[in-house]
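Computed from the coordinates by the stated procedures, all read-outs in this text should not be read as laboratory data. Remember, it's a predicted structure, so these values are computed and weren't measured experimentally. Methodologically, a virtual Cβ is constructed for each residue, glycine included, from the backbone with ideal geometry; neighbour enumeration extends over all protein chains shown.
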Amino acid sequence: MYLNKAMVFGNITRDPELRALPSGMNVCSFSVATNRVYRDRDGKKQEQADFHNVVVFGRQADVVAQYLKKGSSVFVEGRMQTRSWEGKDGEKKYRTEIVADRVQFGPRAAADRDNRKIPWPGRRVPRTTMRLLRQVAPASSTRKMTLIPTTSHFNF
């Protein structure tokens, strides 16, 4: 058995774009920036940024488009998928993206909290979520975290 799983925690680089498929289902696409810090061979500190294309379908797409914007922190969990199509110039094009199964909103800045009304209280992070966050974030950044709400906290 093989595993196709992607987990990304970072900031949204552009406002999410909401579209409707011919079937009527909504799809939202956005990009997430992540970074890593490392030391090169000379011992100098280096930083590298990576950008990940993300696609969300259904009701979750509506929620992402409504509440997230450029600069928002987000945790995306899903699978990697590469699609191809023929461009206007006749050349075959490829795009690899994360098809999100779950999108969790990250911490918000104080000004952002005042301007957006998002229906959930802040709570302490459960142990299982904390273990997951320790895998994707440095230990120093997970000490005093509040719960990162998922779209499943909404009553639809």
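Okay, here's what the table says:
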item: Estimated distance in nm for a label pair at residue 1 and residue 38, the labels positioned 7 Å out from Cα along Cα-to-Cβ; result: 3.1
item: Peptides ranked, highest mean first, by Cβ atoms within 10 Å: ranges 24-30, 13-19; result: 24-30, 13-19
item: Hz values of 3J(HN,Hα) by residue in segment 5-12 - Karplus curve (6.51, -1.76, 1.60), Gly and Pro given as x; result: 9, 10, 10, 9, 10, x, 10, 6
item: Of 5/69; 45/92; 70/93; 5/93, those spanning more than 28 Å from alpha-carbon to alpha-carbon; result: 45/92
